[in-house]
1. Mind listing which trypsin sites (Lys or Arg not before Pro) in the stretch 41-75 are in a DSSP loop and have 12 or fewer other Cβ atoms within 10 Å?
2. Could you check which residue among Asp31, Asp20, Asp74 shows the biggest mean-square fluctuation in a GNM of the chain with a 10 Å Cα cutoff?
3. Could you point to the residue in Ala60, Ala45, Gly83 farthest towards the positive end of the stretch 25-87's charge dipole, with +1 and -1 charges on the Cβ of Lys/Arg and Asp/Glu respectively?
4. Divide by every residue of the chain the summed helix terms, -39500 (n - 2.57) for each DSSP H run of at least 4, and state the resulting mean residue ellipticity at 222 nm, rounded to the nearest 500 deg cm²/dmol.
5. Quick one: helix 58-81 against the long Cα principal axis of the chain, what's the angle to the nearest 10°, folded into 0 to 90?
6. I'd like to check one number: the per residue accessible area of the chain, probe 1.4 Å, reported in Å² as a whole number.
7. Testing the spin-label approximation: label points 7 Å from Cα along Cα→Cβ at Ala35 and Tyr15. State their distance in nm.
8. Would you work out what percent of the accessible area of the chain, with all protein chains in place, is carbon or sulfur (probe 1.4 Å)?
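The values are calculated or read from the model by the stated rules, or taken from the named source; none is laboratory data. Just so we're clear, the structure is a prediction, and the values are computed from it rather than from any experiment. Note: ideal-geometry Cβ built from the backbone for every residue, glycine included; neighbour counts use all protein chains shown. Side chains are part of the model used for accessible areas, which takes the heavy atoms of the whole protein and leaves out ligands, DNA and RNA. Shrake-Rupley method; radii C 1.70, N 1.55, O 1.52, S 1.80 Å.
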Amino acid sequence: MRLLPWTGSDGKPCYLSTDDPDSLLSRIADDVEAAQLASAEHVLAGSKAVLQDPKAGERALRFALTRATESLGDVLRVAVSRGGGTR
C-alpha cells in the first residue's frame with residue numbers, strides 16, 4: 001500500500017494498492033510529491049529571508065510560519081510514503 005500525497009475530502013489518508021510504479025495514479029502521485037518538495041524548498045528560502053529581516057513584522061512572520069508548517073506537513077507525508085517512518 002502506498003500513502004498518497006493528498007487526503008480525501010474527509011481529511012483522511014488516501015492509499016494506493018498497486019505493485020505497478022508506472023501506473024497512471026503512481027506517476028501522478030510522484031509528480032505531486034516532486035511539486036510538494038520543490039515548493040518546500042521555496043518556502044524554506046522565503047522563511048529564512050523573513051527571519052533574517054529585522055524589520056519583518058508580525059504579519060510577515062505569521063505568513064512565513066504558516067507556509068512553513070504546511071510545507072513541513074507535505075514533506076513529512078512524502079517521507080512517510082517512501083518508508084521514512086509512521087505518522
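1. Lys55
2. Asp20
3. Ala60
4. On the way: 2 runs with 53 residues, N = 87.
Using -39500 (n - 2.57) per qualifying helix, the result is -21500 deg cm²/dmol.
5. 20 degrees
6. Values: 6320 Å² over 87 residues.
Ligands and nucleic acids excluded, the result is 73 Å² per residue.
7. A separation of 2.5 nm, rounded to one decimal place.
8. Working: 3640 of 6320 Å².
That fraction is 58 percent.
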